[in-house]
Amino acid sequence: ALGQAAKERRSELVTQKKAALEQAKRSARSTHAIAKATGLFKSADEDSEQVVLLAADVLVHQFLDNGKGWSRVEVLTGDGAGQNGYVRSKTLRSLKD
């Protein structure tokens, strides 16, 4: 019984460490954070379909700023993690400052 408990605990620790490593990798790729809650859209247009609502402080990787008030991003944390789309550039806060 003690051996089984040790194996289960080790498995739990490995799972936790893998999750922490993935989170660290995502954080290292982040270029911006969402300054205030905003929608992630399929295209650079308020009338396009909203993919997900992003909460404040969600980390994203900005691929481009189209110069017309929109940025293409990949969501790295939060409910929309893994999603790509467009957000209003004014809702982004640079992490490089």
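The values are calculated or read from the model by the stated rules, or taken from the named source; none is laboratory data. Keep in mind the model is a prediction, meaning the values are calculated, not measured. Every residue, glycine as well, gets a Cβ built from its backbone with ideal geometry; the counts of neighbours run over all protein chains shown. Calculation scope for accessible area: heavy atoms of the full protein, side chains included, ligands and nucleic acids excluded. Shrake-Rupley method; radii C 1.70, N 1.55, O 1.52, S 1.80 Å.
Mind checking which pairs have a first residue in region 6-33 that is open to solvent by 60 Å² or more (accessible area, probe 1.4 Å) and a second that is of a type outside the set (Ser, Thr, Tyr), Cβ under 6 Å, 6 or more apart or different chains?
Cβ pairs passing all conditions: Arg26/Leu76; Arg29/His61.
Among the residues of region 62-97, count how many are part of a strand (DSSP E or B) and under 13 Å from Thr38 (Cβ atoms). Break it down into steps so the answer makes sense when it comes.
So in region 62-97, the residues part of a strand (DSSP E or B) come out as 62-65, 70-75, 84-88, 92-94.
The next check asks that each one be under 13 Å from Thr38 (Cβ atoms); those that pass are 70-71, 73, 75, 85-88, 92-93.
Matching residues across region 62-97 total 10.
Tell me yes or no: at least one residue of region 66-75 is on the phi < 0 side of the Ramachandran plot and exposed (fewer than 12 other Cβ atoms within 10 Å of the Cβ). Break it down stepwise before answering.
Initial filter on region 66-75 (on the phi < 0 side of the Ramachandran plot): 66, 68, 70-75.
Still in the running and exposed (fewer than 12 other Cβ atoms within 10 Å of the Cβ): 66, 68.
Checked against the condition, which is being on the phi < 0 side of the Ramachandran plot and exposed (fewer than 12 other Cβ atoms within 10 Å of the Cβ), region 66-75 yields at least one hit.
I'm trying to understand the selection: among the residues of region 76-91, which are surrounded by fewer than 20 Cβ atoms within 10 Å (Cβ to Cβ) and under 13 Å from the mean Cα position of the chain (by Cα)?
Scanning region 76-91 gives Thr77, Gly78, Asp79, Ala81, Gly82, Gln83, Asn84.
Restricting to region 66-85, name every residue that is closer than 22 Å to Lys25 by Cα and not small (Gly, Ala, Ser).
Arg72, Val73, Glu74, Val75, Leu76, Thr77, Asp79, Gln83, Asn84, listed by residue number.
How many of the residues in region 44-65 are surrounded by 15 or more Cβ atoms within 10 Å (Cβ to Cβ), under 22 Å from Ser27 (Cα atoms) and out of contact with any helix residue (DSSP H, G or I) (no Cβ under 7 Å at 6 or more places or on another chain)? Even if it seems obvious, please write down each step before you answer.
Here is the first cut: in region 44-65, the ones surrounded by 15 or more Cβ atoms within 10 Å (Cβ to Cβ) are 44, 51-52, 54, 58-62.
Still in the list and also under 22 Å from Ser27 (Cα atoms): 51-52, 54, 58-62.
Imposing the further condition that a residue be out of contact with any helix residue (DSSP H, G or I) (no Cβ under 7 Å at 6 or more places or on another chain) reduces the set to 51-52, 54, 58, 60, 62.
Qualifying residue count for the region: 6.
Can you find even one residue in region 34-53 that is in a strand (DSSP E or B), modelled with pLDDT under 95 and of a type in the set (Gly, Ala, Ser)?
no
Can you spot a residue in region 5-19 that is in contact with a Ser or Thr (Cβ under 9 Å, 6 or more places away or on another chain), among the small types (Gly, Ala, Ser) and modelled with pLDDT under 90? Let's see the steps before the verdict.
Step one: list which residues in region 5-19 are in contact with a Ser or Thr (Cβ under 9 Å, 6 or more places away or on another chain), which gives none.
The answer is no, given that none of the residues of region 5-19 is in contact with a Ser or Thr (Cβ under 9 Å, 6 or more places away or on another chain), among the small types (Gly, Ala, Ser) and modelled with pLDDT under 90.
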